[in-house]
Amino acid sequence: MTSRTARPGTDPAAPPALDGATPIVEQPRRSFVEQVMGLPMSVHVRGPLARDDRVARAVATAFADLRADDAMFSTWKPQSPVSRVRRGELRLEDAPERVRRVAALCEEAARRTGGAFSAWLPTAGGGHPAFDPTGLVKGWAAEQAFDRLVDRLAALGPHDVLLSAGGDVVVACARTDTPDWTVGVEDPRDRSRMLLTVPLRRGAVATSGTAARGAHIVDPATGAAPFRLLSATVVGPSLTWADVYATAAFVRGAAAAQWASTLADHAVVLVDGYGAVRTVTGPPS
């Protein structure tokens, strides 16, 4: 449900360390890209063993984890458990534990967003809402694979990791001698320009909007596509919730700013239909 607007930038030039600070050291770096869930997904590793085969194997396992979740949650693959639930062949309570866990997270997301996010979306012709958890699954599956990858790489020593799931980004820096990762967010009015850049050492950035994929987001209350905003970008500690909150903010439209101000430990950047940009920061937890 997110537009493909956040992407890793290049590291800034390493400045000399100030007195008493850890010197910034240029570390080996390697990038990996695969198409998963119909999206380009990339992993960037920075650290002394970034080009080691053991890192490559750990990253390959992360991509395999993502493909396994795609097979389980896809609404396009007819034999996935989610497709079977949607057709009424499988009761949700009888679905695999991982599907049930996501369904519970979707219920929590609906509560947190006051219904602006939902896994039960209206169907054509006014039929019963259909189960579609994909708005949460992409960010959640990416974050799950990312956390497992970070744990695997920890056995090789401190490395920094960035994962981009179709443009939504989660990062972690285990090193103290490297610069921040820089995440660029595209301007929805002109995707060749950056709206802003976000320096991060730990956390996530997710964007919802229409610039990349058109009117693909649905308001659960009406079944219509929201139109009040061009994009909503959320920066926070978790990719799962940054992704959910970005979708909910986009659905809320003009009411998003007031709601966003209640999100502890999150910052939300809203671009309205006239191109005006507003940043809202929630309180610390």
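The values are calculated or read from the model by the stated rules, or taken from the named source; none is laboratory data. A quick note: this is a predicted structure, and the numbers were derived from the prediction, not measured. Quick reminder, even Gly has a Cβ in these numbers, built from the backbone with ideal geometry, and neighbours come from all protein chains shown. When the accessible area is computed, the model is the full protein with side chains, heavy atoms only, and any ligands, DNA or RNA have been set aside. Shrake-Rupley method; radii C 1.70, N 1.55, O 1.52, S 1.80 Å.
When we screen 80, 118, 74 for residues that are hydroxyl-bearing (Ser, Thr, Tyr), without any contact (Cβ under 8 Å) to a residue 12 or more places away in the chain and open to solvent by less than 30 Å² (accessible area, probe 1.4 Å), the only hit is 80.
Those residues that are open to solvent by less than 50 Å² (accessible area, probe 1.4 Å) and touching a Phe, Trp or Tyr at 6+ places or on another chain (Cβ under 8 Å), I need them from the stretch 246-272; list them, please. Once the filter is applied, which keeps residues that are open to solvent by less than 50 Å² (accessible area, probe 1.4 Å) and touching a Phe, Trp or Tyr at 6+ places or on another chain (Cβ under 8 Å), the stretch 246-272 yields 247, 248, 249, 251, 253, 256, 260, 263, 266, 268.
So, residue 214, is that one at positive phi, at pLDDT below 95 and open to solvent by less than 50 Å² (accessible area, probe 1.4 Å) or not? Criteria met by residue 214. Taking the stretch 155-173 as the range and being crowded, with 24+ Cβ neighbours inside 10 Å and at negative phi as the test, the residues that pass are 159, 160, 161, 163, 164, 165, 168, 169, 170, 171.
Look at the stretch 108-148 and say how many of its residues are more than 16 Å from residue 86 (Cβ to Cβ) and in contact with an Asp or Glu (Cβ under 6 Å, 6 or more places away or on another chain). If you could, list the steps in order and put the result at the bottom.
Of the stretch 108-148, the ones more than 16 Å from residue 86 (Cβ to Cβ) are 108-117, 126, 138-148.
Now restrict to residues that are in contact with an Asp or Glu (Cβ under 6 Å, 6 or more places away or on another chain): 139, 141, 145.
Selection size over the stretch 108-148: 3.
Failed condition for residue 187, given (1) more than 25 Å from residue 134 (Cβ to Cβ); (2) open to solvent by 20 Å² or more (accessible area, probe 1.4 Å), with all others met? Result: residue 187 passes all but (2).
Could you list, in sequence order, the residues of the stretch 31-51 that are assigned to a loop (DSSP other than H, G, I, E, B), touching a strand residue (DSSP E or B) at 6+ places or on another chain (Cβ under 9 Å) and surrounded by fewer than 16 Cβ atoms within 10 Å (Cβ to Cβ)? If you could, list the steps in order and put the result at the bottom.
Taking the stretch 31-51 and keeping what is assigned to a loop (DSSP other than H, G, I, E, B), we get 37-38, 47-51.
Adding the requirement that they be touching a strand residue (DSSP E or B) at 6+ places or on another chain (Cβ under 9 Å) leaves 37, 47, 50-51.
Within the stretch 31-51, 51 is the sole residue that qualifies.
Pairing residues of the stretch 55-69 that are more than 14 Å from residue 163 (Cα to Cα) with residues that are modelled with pLDDT of 95 or more and small (Gly, Ala, Ser), at Cβ distances under 8 Å and at least 6 apart in sequence or on separate chains, gives 69/141; 69/145.
Number of residues in the stretch 98-112 that are open to solvent by less than 60 Å² (accessible area, probe 1.4 Å) and of a type outside the set (A, V, I, L, M): the value is 3. Only one of the numbered conditions (1) surrounded by fewer than 17 Cβ atoms within 10 Å (Cβ to Cβ); (2) modelled with pLDDT of 95 or more; (3) within 20 Å of residue 112 (Cα to Cα); (4) of a type in the set (Ser, Thr, Tyr) is violated by residue 222, and that is (2). Exactly one residue out of 171, 85 is modelled with pLDDT of 95 or more, out of contact with any Asp or Glu (no Cβ under 6 Å at 6 or more places or on another chain), hydrophobic (A, V, I, L, M, F, W, C) and part of a strand (DSSP E or B), and it is 171. Can you say whether residue 197 is part of a strand (DSSP E or B), polar (S, T, N, Q) and open to solvent by 40 Å² or more (accessible area, probe 1.4 Å), as far as the supplied structure shows? Yes, satisfied.
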